[in-house]
Amino acid sequence: MIKNIKIPNSIVTYAVLSIAVLAAWFPALGGHPLFSEEFHYRNMLNNGFWSFCVEWLQFQGMWRLLSQAVNGVTTNHPAFTSYLAVFTHIITACLFFRVTEILFKRKGLALVLALTFGVFPWGFQTIVNVMGYTPMLATTIFWGNLLLLLKFANNKKQQPYIFAISFILTFVAQSLYEILVFAFMFSGAIICFDEGDKSFNLRKIINNLRRTYIALAPFLSGLAFLISYKLTYPESNRMYPPGFAIQAVFSIYFRQYTNYYIFQPWLSPVTRNLIFHSWGLSDVLLFGILLFALTLSLSILLKQRDFVKSKLLPVSKFLLPYILLLIFGASLLYVVSGGYQLESRKRYSLIPLLLLLVGWIWCKFFENRVKFTRKMLVLIMTCGVFGISTSWLVTGVYLYEINRQDALAEFIVTHKVKGDIELEFNPDIKAAWPTLYTTIGFDMYDNWVFNFAPESKLGLWTGRPLTDRAWFLHEGERLVNITQKPGAVKLRFNPDKFRWEFANT
């Protein structure tokens, strides 16, 4: 039956990629309690969008202007945002696949790299946290913009329109999340070179720029954003004061060894047992449908000869310098902003760039030495299954912990608990997965982080101004103080009933 099915190669490839990514992340669909300052973000648009823009420009200038506006919408609709995040992640993986296919001229390699990006939980915070959506969206725009430049580089008639679109997309992306601003600015460099160029020729590059001037659009747009950022950023009350850390050029990538943190939950039975924590009958049925669809589409894809036995074309000699330029651009922001933080939402933009480098290394050193066999296919599929199950595990652990935190907030509100409290965790997720809070960027039971939940349930954050000091300066008295001090009210978690109780009852 499958032999008689004739579907365009590209459609089947995108189907395999999309279904695999959805299979990895469908447990995150449906929404879950808000986290930390997400509760404050719900107030962002209380007075309307334009009023917010004026107030934010006075408060923090152009810094993440659109990001906070988007947060004002997504935090009020967390269930919808969970679907939006998974859908956007699928789109990002597909865009990354297409760009990689164009750059390397190898569909199989591009698919493997895109699957590696899509099914593993490298940047899981962008999917499970509502406030992680904006860095994901900025990354989506980056790959969409790069695809636009690559596809229309030789279309002279469309150059003015593509230039305008690319300029706008770049500026919007930086207003959402500035993490890739310099990578955006350098992204047009690849179309300044002809396919057959073997050496660097400045005069030829300048002539090419006259013909394909869309390459300058992201550079000029990024420059315009940086200027507007500098002109509007306040001299006082800066949420992230500027700094200079030249070591970030290298440390940002040296610290990518910490990506192994996402595999740590496999090492403890406490966290392993949570892999299906949020699953119900509908999840099992959906997984069955996705498994059937993935098996069918993958079988069709492998039957297509042009996918399995496509001719290997040489890659551009300038591809490696271009990839290194993008990687350097992604790290340059941290040089001028004081350094790199380890939370997973900031890895989301970096992983695809590093995968480009992995792809080049494969083409250069391994492609002609390794043959595509059944054993390799089994190995790739095994890695894919491992990536999908790891995403289930990470999602299950996070949902357990965020729901437990929400249950604590409800308990505090219901029983009118205030002041010092001491918590007894059973199970102790932090002991089972020591780096969970490092990858999130916050300790979920830090006083500043946790208090947003019960205070919001009591309505204490309703109508609070954007400039509230308890938010951006971490100042002010909070509802409870999680401590080990003598005399603190002791609370313990009952995992059998999934609720908090007073420890002396």
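For the range 286-307, the condition holds for at least one residue, the condition being that it is at pLDDT 95 or above and of a type in the set (Val, Ile, Thr). For SER331, are the conditions met, namely being over 24 Å from LEU176 (Cβ atoms), in the same structural domain as GLN256 (by TED's automatic domain parsing), surrounded by 16 or more Cβ atoms within 10 Å (Cβ to Cβ) and out of contact with any Pro (no Cβ under 9 Å at 6 or more places or on another chain)? Judged against the criteria, SER331 is not a match. For the range 99-113, the condition of being under 30 Å from ASP443 (Cα atoms) and among the β-branched types (Val, Ile, Thr) holds for none of the residues.
Set side by side, the residues GLU401, GLU422 differ, and just one is of a type outside the set (A, V, I, L, M, F, W, C), outside any loop (DSSP other than H, G, I, E, B), in contact (Cβ under 8 Å) with a residue 12 or more places away in the chain and within 26 Å of GLY72 (Cβ to Cβ), which is GLU401. Screening PHE87 with (1) crowded, with 17+ Cβ neighbours inside 10 Å; (2) at pLDDT 95 or above gives one miss only, at (1). Of all residues in the range 483-500, those satisfying the criterion of being assigned to a loop (DSSP other than H, G, I, E, B) and under 14 Å from PHE411 (Cβ atoms) are LYS497, PHE498.
Would you mind stating whether ASN71 is assigned by TED's automatic domain parsing to the domain that holds ILE11 and over 14 Å from the mean Cα position of the chain (by Cα)? Give the derivation first.
Details: assigned by TED's automatic domain parsing to the domain that holds ILE11: yes; over 14 Å from the mean Cα position of the chain (by Cα): yes.
Yes.
Here is a yes/no grid of residues against (1) surrounded by fewer than 19 Cβ atoms within 10 Å (Cβ to Cβ); (2) of a type in the set (Lys, Arg):
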| position | (1), (2) |
| --- | --- |
| ALA409 | no, no |
| THR414 | yes, no |
| LYS418 | yes, yes |
| ILE440 | no, no |
| PHE452 | no, no |
| GLU477 | yes, no |
| ALA488 | yes, no |
| LYS497 | yes, yes |
| ALA503 | yes, no |
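The condition of being among the polar types (S, T, N, Q), in contact with a Phe, Trp or Tyr (Cβ under 7 Å, 6 or more places away or on another chain) and touching a residue at least 24 places away in the same chain (Cβ under 8 Å) holds for THR92.
Would you be able to say whether some residue in the range 313-325 is within 30 Å of PRO454 (Cβ to Cβ), surrounded by fewer than 20 Cβ atoms within 10 Å (Cβ to Cβ) and aromatic (Phe, Trp, Tyr)? Before you say what the answer is, go through the steps one by one.
To start, the set of residues in the range 313-325 that are within 30 Å of PRO454 (Cβ to Cβ) comprises none.
Looking through the range 313-325, none of the residues is within 30 Å of PRO454 (Cβ to Cβ), surrounded by fewer than 20 Cβ atoms within 10 Å (Cβ to Cβ) and aromatic (Phe, Trp, Tyr).
The values are calculated or read from the model by the stated rules, or taken from the named source; none is laboratory data. These numbers were taken from a predicted model, which means no experiment stands behind them. Neighbour counts run over all protein chains shown; Cβ positions are idealised from the backbone, glycine included.
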